[in-house]
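**Student:** Pasting a structure here, questions to come.
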């Protein structure tokens, strides 16, 4: 997925800030952060953009209920969202607020360009409108005048506004999908959108006269830009547009837009048509992930089905939550979450496997070799299996990241960890020590090397814990880390100090946790 110039640009969907983020919101952002961290390990100059979607009617109404202006409300909510993302160790390079002056400049520039190209016209509009998803619906799409997504009453809107000639781009979009099979993944979403395009595209309303909360049209300030139009432009704003030199020239088009499957039409139909109308290149890939469900129900702030992500982080740490979400829920489909799943996955992978490998190896190095990397001793055939598995696992790990298969990458790394734990049992270092066998140095050295590699590979998922392990080993997890894991085996210098850190991921008592935490299926 990396382009030839060694740059990588990933975006997360920007969030409505009318309510606090939930675990489903965090899932997407964690995935993007994992991608960005991986590319930094490979020396890629990386940009990761996320932000606040502020010009919705739901935000305006939430502000009014809070006794604040929309601007004041969005400023307050931005701080809440950024505090949450920081707690999850999510580190974007730029955070775009759609009401910021920088995004206003991008919006005005693009909409004027599209208008000048002849793709915007004025007309009358009559339709059912949902203020929560900011979408108009036809009679065919609804039942009992209810929003099919939010299951709440729709509003009837009649007004004269401006339209974007989306219909003019149907053939170009079909051609692009044909020429770029991986433009939209997974395949289920690709087929869905191709059916939409084949069914015929209708022009869409891109301005609103019934509200003043938004960015005024540059050619008619009596109307404001439709929220989705300025929201999508945040992807350009985050890398410097409308200045088309410098950072924008270096990083656009984006390598991947990561979005939820419910907003695929906006990103895979409306967005590329907007870019085509403005004469800009299309993103290389759009990846639509699934939903996290709780007890089989989609997470939703408006329906009260959610878990507080900050509560989980405060109790168990960001590494634990990042890990379980990425390990348990494949990034291209739906997955169910529960406290039971959380505890079992945490204990199996972090406490029993990675954490246990670190603790046992560091303590044995301290006990048998005074906390220093030992010299190699006698070798047996078994002692070459860890290096062999590492060499086999690295291309699998990298291929998974190229395909945005985050749980697959994680499992490729964990295969190394699990083999190392098995190697301890097979080699029995305690018996080698009792017998004065020189092979003991070989075993401990191989284990330390395995930890060195596995720690780098797990760093995108577990940034805090792996930083501590890296310090114990005296290595750095930086822009050259992937080069180092591809480098020579036995890279740790003989005689170098090895620390003994605290227990990374203490085992959770399942019964105590389940008694303390609410069932995910009933979280509100």
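**Student:** Pull out all pairs, ordered by first then second residue, where Cβ-Cβ is under 7 Å, the residues are six or more apart or on different chains, the first lies in segment 377-401 and is within 16 Å of residue 428 (Cβ to Cβ), and the second is exposed (fewer than 15 other Cβ atoms within 10 Å of the Cβ).
**Tutor:** The qualifying pairs are 377/438; 378/438; 382/426.
**Student:** Could you please give the count of residues in segment 367-400 that are more than 38 Å from the chain's Cα centre (by Cα), surrounded by 13 or more Cβ atoms within 10 Å (Cβ to Cβ) and assigned to a helix (DSSP H, G or I)?
**Tutor:** Going through segment 367-400 one residue at a time, the tally reaches 4.
**Student:** Name, by its number, the condition in (1) farther than 26 Å from residue 450 by Cα; (2) in contact with a strand residue (DSSP E or B) (Cβ under 8 Å, 6 or more places away or on another chain); (3) part of a helix (DSSP H, G or I) that does not hold for residue 313.
**Tutor:** (2)
**Student:** Then there is this: Please find, among 76, 104, the residue that is surrounded by fewer than 23 Cβ atoms within 10 Å (Cβ to Cβ), part of a helix (DSSP H, G or I), free of Cβ contacts under 8 Å to residues at least 40 places away in the same chain and over 14 Å from the mean Cα position of the chain (by Cα).
**Tutor:** Numbers: 104 fails: free of Cβ contacts under 8 Å to residues at least 40 places away in the same chain.
Being surrounded by fewer than 23 Cβ atoms within 10 Å (Cβ to Cβ), part of a helix (DSSP H, G or I), free of Cβ contacts under 8 Å to residues at least 40 places away in the same chain and over 14 Å from the mean Cα position of the chain (by Cα) holds for just one of 76, 104, which is 76.
**Student:** Of the conditions (1) modelled with pLDDT of 90 or more; (2) over 11 Å from the mean Cα position of the chain (by Cα); (3) closer than 30 Å to residue 401 by Cα, residue 32 satisfies every one except a single condition; which number is it?
**Tutor:** Checking residue 32 against (1) modelled with pLDDT of 90 or more; (2) over 11 Å from the mean Cα position of the chain (by Cα); (3) closer than 30 Å to residue 401 by Cα, the one that fails is (2).
**Student:** A further question on this structure: Within the set of pairs 6 or more residues apart or between chains, which connect a residue that is under 25 Å from residue 404 (Cα atoms) inside segment 184-207 to a residue that is modelled with pLDDT under 95 and outside any helix (DSSP H, G or I) with Cβ atoms less than 6 Å apart?
**Tutor:** So the pair list comes out as 186/332.
**Student:** Looking at (1) in contact with a helix residue (DSSP H, G or I) (Cβ under 9 Å, 6 or more places away or on another chain); (2) within 27 Å of residue 24 (Cα to Cα), which is the only condition residue 311 fails?
**Tutor:** (1) is the only condition that residue 311 fails.
**Student:** Then there is this: One residue is enough: does segment 421-442 have a residue meeting the conditions assigned by TED's automatic domain parsing to the domain that holds residue 353, over 20 Å from residue 387 (Cβ atoms), at pLDDT below 95 and in contact with a helix residue (DSSP H, G or I) (Cβ under 8 Å, 6 or more places away or on another chain)?
**Tutor:** No - not one qualifying residue is present in segment 421-442.
**Student:** A follow-up question, please. Name the strands (runs of 3 or more DSSP E) wholly inside segment 116-178 in which the number of residues that are in contact with a helix residue (DSSP H, G or I) (Cβ under 6 Å, 6 or more places away or on another chain) and either free of Cβ contacts under 8 Å to residues at least 40 places away in the same chain or surrounded by 15 or more Cβ atoms within 10 Å (Cβ to Cβ) (or both) is 1 or more. Don't jump to the end; show me each part of the working.
**Tutor:** Numbers: elements: 120-130, 135-137, 155-164.
Those strands (runs of 3 or more DSSP E) span 120-130.
**Student:** Are any residues in segment 38-71 touching a residue at least 24 places away in the same chain (Cβ under 8 Å), in contact with a helix residue (DSSP H, G or I) (Cβ under 9 Å, 6 or more places away or on another chain) and surrounded by fewer than 20 Cβ atoms within 10 Å (Cβ to Cβ), and if so, which ones?
**Tutor:** Within segment 38-71, 42, 43, 45, 62, 71 meet the criteria.
**Student:** Then there is this: Among the residues of segment 198-217, is there at least one that is buried (at least 16 other Cβ atoms within 10 Å of the Cβ) and either part of a helix (DSSP H, G or I) or not assigned by TED's automatic domain parsing to the domain that holds residue 266 (or both)?
**Tutor:** no
**Student:** Go through segment 327-354 residue by residue and tally those that are surrounded by fewer than 22 Cβ atoms within 10 Å (Cβ to Cβ) and at pLDDT 95 or above. Lay out the reasoning, then the answer.
**Tutor:** Filtering segment 327-354 for residues surrounded by fewer than 22 Cβ atoms within 10 Å (Cβ to Cβ) gives 327-328, 330, 332-336, 338-341, 344-345, 347-348, 351-353.
This time we only want the ones that are at pLDDT 95 or above, so: 327, 344-345, 347-348, 351-353.
Total meeting the criteria: 8.
The values are calculated or read from the model by the stated rules, or taken from the named source; none is laboratory data. Here the structure is a predicted model, which is why all the values come from computation and not from measurement. We place every Cβ from the backbone using ideal geometry, glycine too, and count neighbours over all the protein chains shown.
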